[in-house]
């Protein structure tokens with residue numbers, strides 16, 4: 001597993017899904033809020049909902065943070081996986 005490629009793949013995936021989530025929230029706000037409430041065991045997030053549109057700079061700021069964080073996590077995961085493979089730790093955990 002290559003750290004930079006894995007990091008980039010996770011970063012792009014996270015950015016795409018965050019963008020899709022934002023798009024759904026803009027197009028179907030009521031359904032999105034109902035889904036979010038259900039996802040978090042019925043907690044009511046409607047009090048946090050704003051009637052004013054969100055500025056695009058907020059979207060791009062969050063997108064940048066999520067993409068960067070996902071890149072770091074993906075690269076770290078691949079590097080750790082490679083390190084464990086070199087010391088053959090995970091092979092001793094084979095249950096098959």
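A short reminder: the numbers here are calculations on the coordinates, not readings from a lab. This one's a predicted model, so the numbers in the text were calculated from it and none came from an experiment. Ideal geometry is used to build each Cβ from the backbone, glycine not excepted, and the neighbour counts take in all protein chains shown.
The table below lists the values:
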item	result
Sites residue 62 and residue 84 - FRET efficiency at Förster radius 35 Å, r taken between beta-carbons, to 0.05	0.60
GNM top mover of 11, 50, 61 - the chain, alpha-carbon springs below 10 Å	50
Pair residue 25, residue 40: separation of 7 Å Cα→Cβ label points (nm)	1.1
Taking N as its residue count, the alpha carbon Rg of segment 1-55 over 2.2 N^0.38 Å	1.49
Cα-based convex hull volume of the chain per residue, rounded to whole Å³	142
Among 65, 27, 12: highest mean-square fluctuation, GNM of the chain, C-alpha pairs under 10 Å	27
Length-normalised contact order of the chain in % [C-alpha pairs under 8 Å, at least 6 apart]	57
Most mobile of 79, 67, 14 in a GNM of the chain (Cα contacts under 10 Å)	79
